Amino acid sequence: MPVILGIESSCDETSVALVADGRVVLANIIATQHDLHAKYGGVVPEIASRAHLERILPVLDEALATAHLRLRDLDAVAVGNRPGLIGSLLVGVSAAKALAWALDRPLVGVDHVQAHLYASCLQEPTTRPDQKTEIIDPRSLFPALGLVVSGGHSSLYHVEAATRMRLLGRTIDDSVGEAYDKAAVILYLGYPGGPKLDKLAQTGDPRTIDLPKSLLDRDSLDFSFSGLKTALLYKVRGFPKGRGPAATFERSGADLTPQEQADYAAAFQDTAIGILMTKLQRALEVMTRQGTPARAILIGGGVSANSLLRRRVAELGQARKLHVGIPKMSYCLDNAAMIAGLAHEDFLHHRFDDLNLPAVATMAQ
Ligand code: KG4
Ligand code: ZN
């Protein structure tokens, strides 16, 4: 069983993982930087890259210790080299090159977005002989419909193979994760807002507040979330007097009662996830019309940790008799296990990169 070391540093998590056979996660250490960015309400690129530099070696040591492995036990070094914040990516890419060169092991550059869609194939080592995990051959899932939902992305893909995907639709403004984070600020829930809003939404009634469900054109597979965010802002604070930064509002999120706060959270969650579900269904129909019906629905990215999205996607898969790939909670957020896992396929086919591997900030398509 080849063991691949993975490195992830595209945004604000520094992560190193060891994955055997492309699936079995022997270690997946993640150092988050949430505390460093919280007071700015979002990720500050310069602070992120410096924090990666400080953390990468301790995180590597901890991953090796957790897996009870030494550097010489590794078969390859994989790194998420695209897309992401350039300064952050450079730290992981430099560390991966140094390790690959010093250990004389192959280097594999991995696409972070493709890795999110691979995350549902990852599993923990089985410790008890009576414990059986369903082993899914990723190749049996294609063609699949993929949905990547995170702070940076809201995109639908026709997934032809683990490393071959065609973009079907994407957001024309904010990503869904960004909308969650901004909605949480409006509701005074703090940063990062997604998990907090999700939890609170479970105690609210979505029917008490009407928010617009923007679906764009009748056939569009693109997303738009900025109107939803603005509608929530005006419902909570009232219409602004004046324009731009000088605008004043009648009320603020701080005036909401706990029940109102929960109801707004529930209405936002219901609308945002409703938009994702409508587009997933449309995309399934498009794939069928194109003569390549999906055999599976794969989701990934930070927002795939959302309780309502997980439930609705599972229901959709059941109704359409499709396999559903939903990552375990620990593999939804940015992590290196998905990088090391996806690199396995390239490793088997001897598709390696050399030491000129670049860090690339933008998406291929
Ligand atoms: O994939 P990720 O860790 O980083 C990016 O590549 O952006 O995703 C982070 C995003 C944040 O916007 C966060 O608020 C959101 O995922 N998120 C959630 C939940 N957990 C994390 N959004 C909704 N519900 C959740 N449970
Ligand atoms: Zn991500």
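Criterion applied to F268, F249 was being under 26 Å from H116 (Cβ atoms) and surrounded by 13 or more Cβ atoms within 10 Å (Cβ to Cβ), and the one residue passing it is F268.
Among the residues of the range 166-216, those that are within 17 Å of F268 (Cα to Cα), basic (K, R) and more than 8 Å from ligand 1 (Cβ to nearest atom) comprise K182, K196, R207, K213.
Somewhere in the range 5-18, is a residue over 21 Å from E124 (Cα atoms), under 21 Å from the mean Cα position of the chain (by Cα) and outside any loop (DSSP other than H, G, I, E, B)?
No: the range 5-18 contains no residue that is over 21 Å from E124 (Cα atoms), under 21 Å from the mean Cα position of the chain (by Cα) and outside any loop (DSSP other than H, G, I, E, B).
The number of residues in the range 217-249 that are farther than 22 Å from D270 by Cα, touching a strand residue (DSSP E or B) at 6+ places or on another chain (Cβ under 8 Å) and not small (G, A, S) comes to 4. Screening L99, L57 for residues that are at pLDDT 95 or above, exposed (fewer than 15 other Cβ atoms within 10 Å of the Cβ), over 22 Å from the mean Cα position of the chain (by Cα) and not charged (D, E, K, R) leaves exactly one candidate, L57. Among the residues of the range 303-336, those that are within 15 Å of ligand 2 (Cβ to nearest atom), modelled with pLDDT of 95 or more and assigned to a helix (DSSP H, G or I) comprise V303, S304, A305, M329, Y331. More than 16 Å from ligand 2 (Cβ to nearest atom), charged (D, E, K, R) and either closer than 18 Å to A119 by Cα or in a helix (DSSP H, G or I) (or both): does that describe R351? No. Do we find that A115 is surrounded by 17 or more Cβ atoms within 10 Å (Cβ to Cβ), small (G, A, S), under 14 Å from the mean Cα position of the chain (by Cα) and modelled with pLDDT of 95 or more in this structure? Criteria met by A115. Against the list (1) free of Cβ contacts under 8 Å to residues at least 40 places away in the same chain; (2) more than 16 Å from ligand 2 (Cβ to nearest atom), the condition Q33 fails is (2).
The values are calculated or read from the model by the stated rules, or taken from the named source; none is laboratory data. Since we're looking at a predicted model, the values are computed, not measured. Here the Cβ is made from the backbone with ideal geometry for all residues, glycine too, and neighbour counts use every protein chain on show.
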